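J.: One structure coming up, written as structure tokens, with questions to follow.
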Protein chains: 2
Amino acid sequence: MAQNIYDDPQFFTAYSQFRRSLQGLDGAAEWPALRALLPPMRGLRVADLGCGFGWFSRWAREAGAAEVLGIDVSENMLTRARAETADAAVRYERGDLDALDLREAAFDLVHSSLALHYVEDLGRLLKTMHRAIVPGGALVFSIEHPIYMAPSQPGWTTLEDGRKVWPLDDYGREGRRSTDWLAKGVVKYHRTLGTTLNLMIRAGFRVAHVEEWAPSPEQIAAAPEAAEALDRPIFLLIAATR
Amino acid sequence: MAQNIYDDPQFFTAYSQFRRSLQGLDGAAEWPALRALLPPMRGLRVADLGCGFGWFSRWAREAGAAEVLGIDVSENMLTRARAETADAAVRYERGDLDALDLREAAFDLVHSSLALHYVEDLGRLLKTMHRAIVPGGALVFSIEHPIYMAPSQPGWTTLEDGRKVWPLDDYGREGRRSTDWLAKGVVKYHRTLGTTLNLMIRAGFRVAHVEEWAPSPEQIAAAPEAAEALDRPIFLLIAATR
């Protein structure tokens with residue numbers, strides 16, 4: 001079972017102050033890049049895995065989706081998602097992505113933003129997704145980039161010669177990572193980019209686009225600190241077809 | 001045009017001393033992993049881009065390929081390849097991978113080992129390969145891993161706390177890299193893993209396997225220093241179908 005860190009009061013309080021929690025999709029720097037990977041929403045049946053506060057679920061419906069099912073393990077997040085959604089075609093269900101079951105051929109699009117790195121058995125979940133998506137349907141998701149997740153001690157380091165570098169190690173050592181981010185002991189699962197893609201391919205998906213997200217010149221002009229993602233990527237965006 | 005560093009006398013002399021130059025495929029740690037990605041060779045028409053001394057070209061023929069065309073820009077390497085090949089079904093031609101043309105639907109397999117990172121316009125070459133491979137054929141290649149190639153100053157660094165790390169920066173800044181490796185000013189082209197895959201997909205390939213190579217436990221037992229590839233990958237192996 002995936003850790004339910006979003007129901008940790010300290011974590012939830014801190015996460016709720018994030019720009020992406022307050023402003024939704026427009027507060028997420030990678031959203032324009034992710035949106036560009038999505039199919040036209042008109043008429044689609046959409047599943048949103050790790051839906052959080054429901055920002056994407058509501059956006060998909062407003063963009064024309066026929067129905068949206070948001071799934072999250074956090075009661076805190078589902079409570080707020082339900083309170084902020086007034087649309088019978090957008091439903092929310094509690095679910096653990098490490099034990100999730102989905103109806104066969106029930107969706108045209110499965111989306112997931114920054115949730116799948118909490119999942120221990122991604123191969124199982126990808127097979128579940130593949131069964132749940134109709135032929136020709138799409139899977140579009142973002143995760144923390146494995147370069148960001150891999151190191152034994154993630155965090156910028158300044159070398160003696162003044163270079164600010166990302167001290168990479170352990171990239172090829174996959175598995176559990178416990179970090180102190182907003183709360184102590186947040187558990188994620190590191191997989192190389194190759195492993196993630198191979199699990200998708202073995203589940204039956206056809207990889208359509210792999211984006212190691214970097215900010216646009218406009219985003220860097222507006223927020224110069226965003227340029228650090230050009231030194232080491234933080235988000236990985238992947239689109240695939242079923 | 002790609003730099004022809006293998007015809008630099010200093011580079012060529014040093015490269016010729018490498019285990020993979022002296023022992024061929026068995027001297028290349030990543031060869032078992034690459035071989036596992038290859039289709040059965042029986043009857044195939046094979047192109048070997050950046051064939052070097054011809055080790056792979058000869059192996060493919062011995063493994064049953066109908067004919068093999070090895071292409072390299074280095075006269076030094078072609079001279080030795082021709083001298084060591086006594087098989088009319090294995091031919092060698094001089095060619096610059098940045099300007100290469102190949103006959104349409106002439107090959108069942110295109111292979112390339114550690115050559116494509118010298119190519120400036122990979123998109124062009126991938127389109128050329130796609131046209132040259134028959135439907136259902138395969139592309140299997142290795143390149144230096146972008147994590148290995150990206151840094152402004154590649155090389156292990158020991159931090160104050162004793163950790164040996166790979167000081168990553170510039171991962172998202174693609175383009176020319178000039179390094180001093182065997183000779184001064186060896187020119188390579190850094191592309192993120194995502195960019196390489198997207199160029200393949202746009203050329204029409206279907207990605208079949210992506211391997212960020214790491215040594216096996218047996219390889220580490222035989223050569224403990226090989227374990228450093230678990231901290232940061234050095235080779236990237238990719239298989240695709242046309």
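The values are calculated or read from the model by the stated rules, or taken from the named source; none is laboratory data. Note that the structure is predicted; figures quoted are calculated from it, not measured. When we count neighbours, we look across all protein chains shown, and the Cβ atoms used for this are built from the backbone with ideal geometry, even at glycine. Side chains included, ligands, DNA and RNA excluded: accessible areas come from the protein's heavy atoms. Shrake-Rupley method; radii C 1.70, N 1.55, O 1.52, S 1.80 Å.
J.: Provide a whole-number value for the mean count of partner chain Cβ atoms within 10 Å of the Cβ atoms in peptide A:187-193.
T.: Taking all residues of A:187-193 together, the mean is 2.
J.: Answer rounded, prolate or oblate for segment A:99-168, using the Cα gyration tensor with square roots of eigenvalues a ≥ b ≥ c: rounded when a/c is under 1.5, else prolate when a/b is larger than b/c, else oblate.
T.: Judged from the Cα gyration tensor, segment A:99-168 comes out prolate (a/c at least 1.5, a/b above b/c).
J.: Could you give the length gained on full extension between residue A:180 and residue A:160, defined as 0.36 nm per residue of separation minus the Cα-Cα distance, in nm?
T.: Answer, rounded to one decimal: 4.5 nm.
J.: Write out the trypsin sites (Lys or Arg not before Pro) in segment B:109-211 meeting two conditions: DSSP loop, and at most 10 other Cβ atoms within 10 Å of their Cβ.
T.: none
J.: Compute a Gaussian network model of chain A, connecting alpha carbons closer than 10 Å, and tell me which residue from A:221, A:99, A:65 fluctuates the most.
T.: Evaluated over chain A, the most mobile residue of the options is A:221.
J.: To the nearest µm²/s, what D does Stokes-Einstein give for the protein assembly as shown at 10 °C and 1.306 mPa s, using the Kirkwood radius over alpha carbon pairs as Rh?
T.: The diffusion coefficient I find is 66 µm²/s.
J.: Ignoring everything except DSSP H segments at least 4 long, calculate the 222 nm mean residue ellipticity for the protein assembly as shown; use -39,500 (n - 2.57) per segment, divide by total residues, nearest 500.
T.: About -7000 deg cm²/dmol.
J.: Oh, and also: Hey, with R₀ at 35 Å, roughly what FRET efficiency would residue A:202 and residue A:17 work out to, going by the Cβ-Cβ distance, to 0.05?
T.: Result of the calculation: an efficiency of 0.35.
J.: Cα centroid distance between segment A:1-80 and segment A:177-229, in Å?
T.: What the calculation gives is 16 Å, centre to centre.
J.: Still on this model: Where Lys and Arg each count +1 and Asp and Glu each count -1, what net charge lies around residue A:94 among other residues with Cβ under 10 Å from its Cβ?
T.: -4
J.: Follow-up question, since we're still on this one. For segment B:88-106 and segment B:117-175, write down the distance between their C-alpha centroids in whole Å.
T.: 23 Å
J.: Moving on. Going 7 Å from Cα along the Cα-Cβ axis for the label, what nanometre distances separate residue B:66 from the same residue across the other copies?
T.: Residue B:66 label point versus its equivalents elsewhere: 4.8 nm.
J.: Taking a label point 7 Å from Cα toward Cβ, how far is residue A:162 from its twins in the other copies, in nm, shortest first?
T.: So the label point of residue A:162 gives 3.1 nm to the other copies.
J.: Could you work out what % of the accessible surface of the protein assembly as shown is carbon and sulfur, using a 1.4 angstrom probe and leaving DNA, RNA and ligands out of the count?
T.: Within the protein assembly as shown, the accessible surface is 51 percent carbon and sulfur.
J.: Can I ask one more? Looking at segment B:155-235, which GluC sites (Glu not before Pro) are in a loop (DSSP not H, G, I, E or B) and have at most 11 other Cβ atoms within 10 Å?
T.: Qualifying residues, ordered by number: B:160.
J.: Express the accessible area of the protein assembly as shown per residue in Å², computed with a 1.4 Å probe while the remaining protein chains stay in the model.
T.: For the protein assembly as shown, the solvent-accessible area averages 41 Å² per residue.
J.: Let me ask you something else. Over the Cα atoms of segment B:174-242, what is the Rg over Rh ratio if Rh follows Kirkwood?
T.: 1.07
J.: Which value in nm describes the separation of the simple spin-label points at residue A:121 and residue A:220, placed 7 Å from the Cα toward the beta carbon?
T.: 4.3 nm
J.: Beyond 26 Å, what share of the Cα-Cα pairs of chain B is found? Please give it as a whole percent.
T.: The calculated P(r) of chain B puts 38 percent of pairs beyond 26 Å.
J.: Just for chain B, what percent of DSSP beta bridges are antiparallel, to the closest 5?
T.: 50 percent
J.: Evaluate E = 1/(1 + (r/R0)^6) for residue B:89 and residue B:7, where r is the Cβ-Cβ distance and R0 equals 35 Å; express this FRET efficiency to the nearest 0.05.
T.: So the FRET efficiency works out to roughly 0.85.
J.: Between copies, how close do the residue A:218 label points come, placed 7 Å along Cα→Cβ, listed in nm from shortest?
T.: 5.5
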